[in-house]
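Please treat every number below as a calculation from the coordinates, not as lab data. Fair warning: this is a prediction, and the values are worked out from it, not measured in the lab. Note that each Cβ is placed from the backbone with ideal geometry, even for glycine, and that neighbours are counted across all protein chains shown.
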């Protein structure tokens, strides 16, 4: 007799609950790490886009155009296999042998960071352009240097304006984390595929994956809304 759905997905001796929970935590870990790495990349891209040097602006434009035009799965493959091939070549040069692969988690974080960095770069640039010029002029008139202006005025304001858009990019990073399963990372989708193959009950596992993604999206969405409300405290809104 086959186990019921709740026995199959539960935390009993024959259930897959622990494995699915671990996979959910892995999904959150790789998505959040990639998103934070993307924030750093995005800040650099935005600074290049706003630079007075033409070369830096062109480099940022090329980066954004390429990352927006190339499929995300291809970026993951290029980073994983290209990085592994590079490390293998270095290892052979140093006297090693055999193929050396980079960890799936590290490849996934780098891929998500590079992909989301292109979108966050444009987001940060737009948030910076939304700053009132009067605030920056007032800061200069008080004798603030560039770094003090950056820490006291520019960064807090840019983050405040960027939070709503960052929520959308976070949701994209969360969904794109499912693509990391192609290089062996055991996240929600990969664990669901393994469970479906082992039990011949694909619908049970894929519907569970559906609700796990939905739960994470709902919880993180509410958290970002709370952060947005906190960031707008003391700010007068237009009526």
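Annotations for the structure displayed:
- Test: residue in region 103-126 that is farther than 25 Å from residue 164 by Cβ and part of a loop (DSSP other than H, G, I, E, B): yes
- Filtered residue count, region 41-68, keeping only those that are surrounded by fewer than 16 Cβ atoms within 10 Å (Cβ to Cβ) and under 30 Å from residue 99 (Cβ atoms): 1
- Meets criteria (without any contact (Cβ under 8 Å) to a residue 24 or more places away in the chain, in a helix (DSSP H, G or I) and exposed (fewer than 12 other Cβ atoms within 10 Å of the Cβ)) for residue 86: no
- Taking region 131-194 and the helices (runs of 4 or more DSSP H) fully enclosed by it, the elements with 2 or more residues that are under 17 Å from the mean Cα position of the chain (by Cα) and surrounded by 17 or more Cβ atoms within 10 Å (Cβ to Cβ) are at 155-176.
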